[in-house]
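*Asks:* This structure is in structure tokens; I'll ask about it shortly.
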Amino acid sequence: MKKTPLYEKHLALGAKMTPFAGFEMPVVYTGITEEHLAVRNQAGMFDVSHMGEFLVKGKESLELVQHLTSNDAAKLFPGRIQYSCFPNERGGIIDDLLVYRLADEDGSPAFMLVVNGANIEKDWAWVNANNKFDAELTNVSDQTALIALQGPKAGDILSSITPLEVAEMPYYHFKKGEVAGLSNILVSTTGYTGSGGFEIYAANDQIGPIWDALMEAGEKHGLKPTGLGSRDTLRLEMGFCLFGNDITDETSPIEAGLGWITKLKKGDFIGSDKIKELKEKGIKRKLTAFTISDRRVPRHGYPIYNESEEKIGEVTSGTQSPSLGHPIGLGYIDIDYAIEGNPVFVGAGRKMLKAQICKLPFYKNA
């Protein structure tokens, strides 16, 4: 197992560590619910250094990014970020990712692709195999560390240790500058919690001092170190997809409700013909949100039934919502039943959990 540059700090804070994406990562410090509510009400800080970062430069860097990704990177300008995905030739999803439009280099656009930690090797092989362009690829994952500072107090905390004007930064933008006295730090507004905040990219030897400075500045604001457990409950309350659960190589972005990042009008890209065909024919299932009136939590893989006890789908993600106080879930459900207000049932062993289809997000106060 790899260790992030913040590993020793997690141990000192009493974190429970767990293997995740090839790294020893903190899953919880004091309790998932406590950490979750800290992010919703004050601030929490995650080590997400396991994520992967690829640089794309050269005369045809834009052409490569357009060929690889579903969204339209031509609309980006330096300082802007885009959520996107890598489709495969069948129209499934290899990974979801962030596309950062960096400053031009030698008159050509430059990008940073931020991918899921568990998929770094797979994604790196994929982008290289499909680089038929005059574009230079560099994998900087091992040299790059990443903190996610999330919550309504995040702006106050970060502003106290940087001259960058971060408090009013729009969502999905970034700036580079000094943080905690260290230079060339990238600060972005792309959190996956629904409570606002920042992600801070730095070199491995810079991230420790930044973590310490934020912990000290955040003490009076109720900042807590937060683990992967609360990161999952926070993203699920917003209905954000988790690769490997809600999206996979076998799911289409159209089925997953990601049509908004799938710009078929931009021209051909990998898998665009299959995605277009599916959109024209119409999907038979879609990723759907539901709430549970029982106390039992719906788990990944549990079957979903209609009132006649016919199987109509399967749970992809489920949890006890700390903000709402009852179980919530996502699952792929036959399109005829995926209608808001419809009653459905989740099979949990011998028990049938009564559920109801609802709109996203589950947590409405973001």
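The numbers here are math on the coordinates, done by the rules we state, and not lab data. What you are looking at is a predicted structure, and each value in this text was computed from that prediction instead of being measured. In this analysis, Cβ positions are derived from the backbone assuming ideal geometry, glycine residues included, and neighbour counts consider all displayed protein chains.
*Asks:* Could you point to the residue in 139, 192, 124 farthest towards the positive end of the chain's charge dipole, with +1 and -1 charges on the Cβ of Lys/Arg and Asp/Glu respectively?
*Replies:* In the chain, that residue is 192.
*Asks:* What fraction of the Cα pairs in the stretch 199-358, stated in percent, has a spacing above 24 angstrom? Intermediate results must be reported in sequence, preceding the final value.
*Replies:* Working: 6075 of 12720 pairs.
Counting pairs separated by more than 24 Å, the tail of P(r) holds 48 percent.
*Asks:* Follow-up. What span do the alpha-carbon atoms of the stretch 1-70 cover on each of the three principal axes, reported in whole Å from largest to smallest?
*Replies:* For the stretch 1-70, the Cα extents along the three principal axes come out at 49, 31, 16 Å.
*Asks:* Evaluate Rg over Rh across the stretch 57-149, taking Cα atoms for both radii and Kirkwood's formula for Rh.
*Replies:* Numbers: Rg = 12.7 Å, Rh = 13.6 Å.
Ratio of gyration radius to Kirkwood radius for the stretch 57-149: 0.93.
*Asks:* What are the ³J(HN,Hα) values, in whole Hz, obtained from phi via the Karplus relation 6.51 cos²θ - 1.76 cosθ + 1.60 with θ = phi - 60°, for each residue of the stretch 302-313 in sequence order, with x given for Gly and Pro?
*Replies:* 5, x, 10, 10, 8, 5, 8, 6, 8, 5, 10, x
*Asks:* Over all directions, average the projected area of the Cα convex hull of the chain and note it in nm².
*Replies:* Hull-based average projected area comes out at 18.1 nm².
*Asks:* If you average 1/r across every pair of different Cα atoms in the stretch 284-366 and take the reciprocal, what Kirkwood value do you get, in Å?
*Replies:* 12.3
*Asks:* While we're on this one: Taking the Cβ of each residue in 20, 345 as the centre, tally the other Cβ atoms inside 10 Å and list the residues starting with the fewest.
*Replies:* 20, 345
*Asks:* Rounded to the nearest 20 Debye, what is the dipole magnitude of the stretch 117-246 about its Cα centre when Lys and Arg each give +1 and Asp and Glu each give -1 at the C-beta?
*Replies:* Here the stretch 117-246 has a charge dipole of around 220 debye.
*Asks:* What aspartates and glutamates sit close enough to residue 274 to cross-link, taking a C-alpha to C-alpha distance under 16 Å and skipping anything fewer than 8 places away on the same chain?
*Replies:* Filter leaves 89, 249, 250, 255.
*Asks:* With +1 on each Lys and Arg Cβ and -1 on each Asp and Glu Cβ, how big is the dipole of the chain about its Cα centre, in debye rounded to the nearest 20?
*Replies:* Using Cβ point charges on Lys, Arg, Asp and Glu, the chain gives about 980 debye.
*Asks:* How much of the calculated P(r) for the stretch 116-205 lies past 24 Å, in percent of all Cα pairs?
*Replies:* Tail of the P(r) past 24 Å holds 33 percent of the pairs.
*Asks:* Now, a different point. With charges set only on the Cβ (+1 for Lys and Arg, -1 for Asp and Glu), what does the dipole of the stretch 284-366 come to about its Cα centre, in debye to the nearest 20?
*Replies:* Using only the charged Cβ atoms, the result is roughly 280 debye.
*Asks:* Okay, moving on. Under 12 Å from the Cβ of residue 166, count the other residues' Cβ atoms, weight Lys and Arg +1, Asp and Glu -1, and hand me the total.
*Replies:* -3
*Asks:* Another question about this same structure. Say each of residue 284 and residue 335 gets a label point 7 Å from the Cα, pointing the same way as Cα to Cβ; how far apart are those two points in nm?
*Replies:* Computed distance between label sites residue 284 and residue 335 equals 1.1 nm.
*Asks:* Let me ask another. With runs of 4+ DSSP H residues as the only contributors, calculate the mean residue ellipticity of the chain at 222 nm using -39,500 (n - 2.57) per run, divided by the residue total and rounded to the nearest 500. Intermediate values should be presented prior to the final figure.
*Replies:* Values: 8 runs with 76 residues, N = 366.
Calculated mean residue ellipticity at 222 nm is -6000 deg cm²/dmol.
*Asks:* Taking +1 at the Cβ of each Lys and Arg and -1 at the Cβ of each Asp and Glu, which of 324, 303, 347 sits farthest along the dipole of the stretch 284-366 towards its positive end, judged by Cα position relative to the Cα centre?
*Replies:* Of the candidates, 324 comes out farthest on the positive side.
*Asks:* Once the mean 1/r over all distinct Cα pairs of the stretch 248-320 is inverted, what Kirkwood radius in angstroms do you read off?
*Replies:* 14.4
*Asks:* State, to one decimal in nm, how far the label point of residue 143 lies from the label point of residue 273, with both points 7 Å from Cα in the Cβ direction.
*Replies:* Result for the modelled spin labels: 3.9 nm.
*Asks:* Tell me, how many Å apart are the Cα centres for the stretch 158-174 and for the stretch 83-137?
*Replies:* Comparing the Cα centres of the stretch 158-174 and the stretch 83-137, I get a distance of 26 Å.
*Asks:* Additional query: Which pairs in the list 9/359; 3/176; 286/354; 224/354; 153/263 are over 30 Å apart, alpha-carbon to alpha-carbon?
*Replies:* 9/359; 224/354; 153/263
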